[in-house]
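The structure appears right after this line, and notes come after that.
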Amino acid sequence: MTKGKLSGKKILGFILLGMGILSCMVFLLLSFSDFPDKAATVILVLITGEVLFIISLALLGEGYWKSIRQSIMQFFTLKKGNK
């Protein structure tokens, strides 16, 4: 992307993207812990992470979505090639 000054919309998009990724990591940690109302909490965290991720992609634009999609595709083709 460009190396100029980021707009407020892009900064908010990156913050929401980080929070979405963080909530997906918290989802993985909560899956292995034991506490009451685990199912509701895990589902709430997962849905929140997905919504934050989608909102961040809407704010960042198509260029960032293509970059993220390309990175994910390279990761899975790399894993498939090692077998």
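Hey, can you find the accessible area per residue of the chain for me, probe 1.4 Å, expressed in square angstrom?
On the way: 6540 Å² over 83 residues.
Result: 79 Å² per residue.
Viscosity 1.306 mPa s, temperature 10 °C: Stokes-Einstein D of the chain from its Kirkwood Cα radius, in µm² per second?
109
Report the gain in length on full extension from Glu50 to Thr77: 0.36 nm times residue separation, minus Cα-Cα distance, nm rounded to one decimal.
Using 0.36 nm per residue and subtracting the Cα-Cα distance, I get 7.4 nm.
Rounded to the nearest 20 debye, what is the charge dipole size of the chain about its Cα centre when +1 sits on each Lys and Arg Cβ and -1 on each Asp and Glu Cβ?
On the way: 10 positive and 4 negative charges, 117 e Å.
Roughly 560 debye, rounded to the nearest 20.
Nearest 500 deg cm²/dmol is fine: what mean residue ellipticity at 222 nm does the chain get from its DSSP H runs of n ≥ 4 alone, each adding -39,500 (n - 2.57), divided by its residue count?
Calculated at 222 nm, the ellipticity per residue is -28000 deg cm²/dmol.
Just name one of Met73, Leu52, Ala39: the one whose Cα is farthest towards the positive end of the charge dipole of the chain (beta-carbon charges, Lys/Arg +1, Asp/Glu -1).
So the residue we want is Met73.
For the chain: lysine pairs with Cα atoms under 27 Å, gap of 8 or more or different chains, count?
Final tally of qualifying lysine pairs is 7.
Roll a 1.4 angstrom probe over the protein heavy atoms and tell me the percent of accessible area of the chain that is carbon or sulfur.
Ligands and nucleic acids excluded, carbon and sulfur reach 71 percent.
Can you give the angle from 0 to 90° between the axis of helix 62-81 and the longest principal axis of the chain, with both taken from C-alpha atoms, to the nearest 10?
Approximately 60 degrees, to the nearest 10.
The values are calculated or read from the model by the stated rules, or taken from the named source; none is laboratory data. As the structure is a prediction and not an experimental result, all values here were calculated from the model. Here the Cβ is made from the backbone with ideal geometry for all residues, glycine too, and neighbour counts use every protein chain on show. Remember, those area values only see protein heavy atoms, side chains included, never the ligands or the DNA or RNA. Shrake-Rupley method; radii C 1.70, N 1.55, O 1.52, S 1.80 Å.
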